[in-house]
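As structure tokens, the structure follows; a few thoughts come after it.
None of the figures in this text is laboratory data; all of them are computed from the coordinates on show. Nothing here was measured: the structure is a model prediction, and the numbers come from that model. Every residue, glycine as well, gets a Cβ built from its backbone with ideal geometry; the counts of neighbours run over all protein chains shown.
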Amino acid sequence: MLKTVTMRTVDWTALRRDDEAPAEGLRARKKRMLRRQLSDTATEMFLERGFDAVRVAEVAEACGVSEKTVFNYFPTKESLVLDLGEATLHSLRTTLADPSLSPLEAVLKILSGELDAITSWLSAQDDPAQAKALLLRFGMLIRSTPSLRAHQGDMKEQQVAAAAEVLARRAEMNSDDPEPRIAATALLGLWSIQFQALRRHLNHAESPTQLHEAVSADVQRAARLIGSGLNAFA
């Protein structure tokens, strides 16, 4: 018998790329696991009741910690549910700086890893239809909540700034110069393409593999359009 998928049975941590360090100590592991628990619990509660209807104190109580502890890990309520933006920011600062990859190759590598996490999660679910519905509800939660949209916009500005700094160093330019700035803006636009493609293909793809192929194809189409200009800059 198939197990019913609900917000409370979804392993939201599986949607994150594994950031565990090989030599991670017990203290660091406990902190990482608590951070994940806080974000996952908040995500479940926001999906069930709505973002504005849930107080941070309730998330803290559900996890058995103080409200202050929650804010020690997440500076705002919005960052509880949009914490994956921080992982993308870190990836931009590291992968984009890899001299063996062009800027476009580096960004496509990051996007592919994030898409892998989503499709692998879907493959592991007992009821794919309900799992897809939850992903769509998660996207709707963000789009329908003004404070989450604003936070997402702020995070994108940070990501563009970080990417521009890396690109400027690679080109021996200033990060305020127009070339690294527009290159960073174009590269970050591929995230919007991937999110839109996921929403468009999610209910039409027959398998996670087909979903991965369809979304990747859309991202590659967009990447080809901006590739010549980015390659000239690089």
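Among 60, 79, 117, whose Cα sits farthest toward the positive end of the charge dipole of the chain (+1 at Cβ of Lys/Arg, -1 at Cβ of Asp/Glu, about the Cα centre)? Result: 60.
Scalar couplings 3J(HN,Hα) for the range 187-198, obtained by applying the Karplus form with A = 6.51, B = -1.76, C = 1.60 to θ = phi - 60°, are 4, 5, x, 5, 5, 5, 4, 5, 5, 5, 5, 4 Hz; x denotes Gly and Pro.
With 20 Å as the limit, the listed pairs 77/156; 31/77; 109/132; 132/156 have 109/132; 132/156 beyond it between alpha carbons. Every helix of 4 or more DSSP H residues in the chain counts as -39500 (n - 2.57), and over all residues that averages to -24000 deg cm²/dmol at 222 nm. Based on Cα contacts under 8 Å between residues 6+ apart, the range 69-148 shows a relative contact order of 24 percent.
Note down the nm distance, to one decimal, between modelled labels 7 Å out along Cα→Cβ at residue 213 and at residue 87. With each label point 7 Å from Cα toward Cβ, the separation is 2.6 nm. Each peptide in 167-179, 33-45 was scored by the mean count of other Cβ atoms within 10 Å over its residues; highest first, the order is 33-45, 167-179.
The simple spin-label model puts a point 7 Å past each Cα toward its Cβ; for residue 225 and residue 24 those points are separated by 3.8 nm. Relative to the longest principal axis of the Cα atoms of the chain, helix 128-143 runs at roughly 70 degrees. For the chain, take the longest principal axis of its alpha carbons; what is the angle in degrees between that and the long axis of helix 208-233, to the nearest 10 within 0 to 90? Helix 208-233 and the main axis of the chain meet at about 30 degrees. Its Cα centre serving as origin, the chain has a Cβ charge dipole (Lys and Arg +1, Asp and Glu -1) of approximately 280 debye.
Annotation: for a label point projected 7 angstrom from Cα along Cα→Cβ of residue 116, residues of the range 185-216 with backbone N closer than 19 Å are 191, 194-195, 198, 208-216.
Under the simplified labelling scheme, the residue 144-residue 65 pair shows an inter-label distance of 2.9 nm, with each label point 7 Å from Cα along Cα→Cβ.
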